[in-house]
Amino acid sequence: MAMHVSGACFSVFSGSRVGNIRAVASEGFATVKTAEDKVKLGGSDLKVTKLGVGAWSWGDTSYWNNFQWDDRKMKAAKAAFDTSLDNGITFFDTAEVYGSRASFGAINSETLLGRFIKERKQRDPEVEVTVATKFAALPWRLGRQSVLAALKDSLFRLGLSSVELYQLHWAGIWGNEGFIDGLGDAVEQGLVKAVGVSNYSEKRLRNAYEKLKKRGIPLASNQVNYSLIYRKPEENGVKAACDELGITLIAYCPIAQDSPIFAARLKTS
């Protein structure tokens, strides 16, 4: 049965070359085979699967799911979660703004992911799940403490004491100095294993990298829209800067939000 399991899967590109990745559709789901099981995110110690599952659509009623969320969609999301784990995809990406509470009937994506993890661990305590979530740089949020406060709220929804990757979802309107400081504080307080950014330009990416570097903290990743159809990161200096600085580029919408069930072979030269 075909279903939109997420806003997008995503792919991890570390350095200038990526091993071949093949995904084969089987009985409505994708079975992933990789040349190497995991890749390290930037200069951090965190290793993740090369393919991940984005949870943008989970619980959402503002963009996905025909503007409604019901038990059938809940079961589909849970099946997508379990099937991903069963087939070796253990990296899940969510955000505090996915499944906005401002939308009628929406359920926060972090809440759903946390619920799915708890239920799976009750059956299989040794199962590995790598969680990434994101801080929303809303105009009224200022300073490093806003990052820590938002992260703690995310951890509460997820039911976790820490996450593997915490990212700034987009650049802030009033500047990013305090937000970058907040990422560093989160690492030093043991709330996250690695930190990254998302939708950052080359200039902002370099500034974030240098600011964290002064504290001895690597900027692990930049998550951007990148696919065979949308190749702006190759043109605007973002991918080149990632390669130069050793920052992992995480591509969201790598199949351009096109197909709920995919059969693809990704290869970079």
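The values are calculated or read from the model by the stated rules, or taken from the named source; none is laboratory data. Note that this is a predicted model, so its numbers are computed, not measured. In this analysis, Cβ positions are derived from the backbone assuming ideal geometry, glycine residues included, and neighbour counts consider all displayed protein chains. We work out accessible area using only protein heavy atoms, side chains counted, and drop any ligands, DNA or RNA first. Shrake-Rupley method; radii C 1.70, N 1.55, O 1.52, S 1.80 Å.
Points to keep in mind about this one:
- Nearby aspartates and glutamates by direct alpha-carbon distance to residue 75 (threshold 18 angstrom, same-chain neighbours under 8 apart not counted): 27, 60, 86, 110, 119
- Ellipsoid semi-axes for the stretch 57-179, based on the Cα gyration tensor and the rule √(5λ), read 26, 19, 11 Å when sorted largest first.
- Theoretical gain in end-to-end length, residue 152 to residue 104 [0.36 nm per residue, Cα-Cα removed]: 14.8 nm
- Using a probe of 1.4 Å on the protein chains alone, the accessible area found for residue 82 is around 20 Å².
- Using the Cβ-Cβ distance between residue 122 and residue 66 with R0 = 30 Å, the FRET efficiency computed as 1/(1 + (r/R0)^6) comes to roughly 0.45.
- Largest to smallest accessible area among 12, 187 [probe 1.4 Å]: 187, 12
- Theoretical gain in end-to-end length, residue 201 to residue 231 [0.36 nm per residue, Cα-Cα removed]: 9.4 nm
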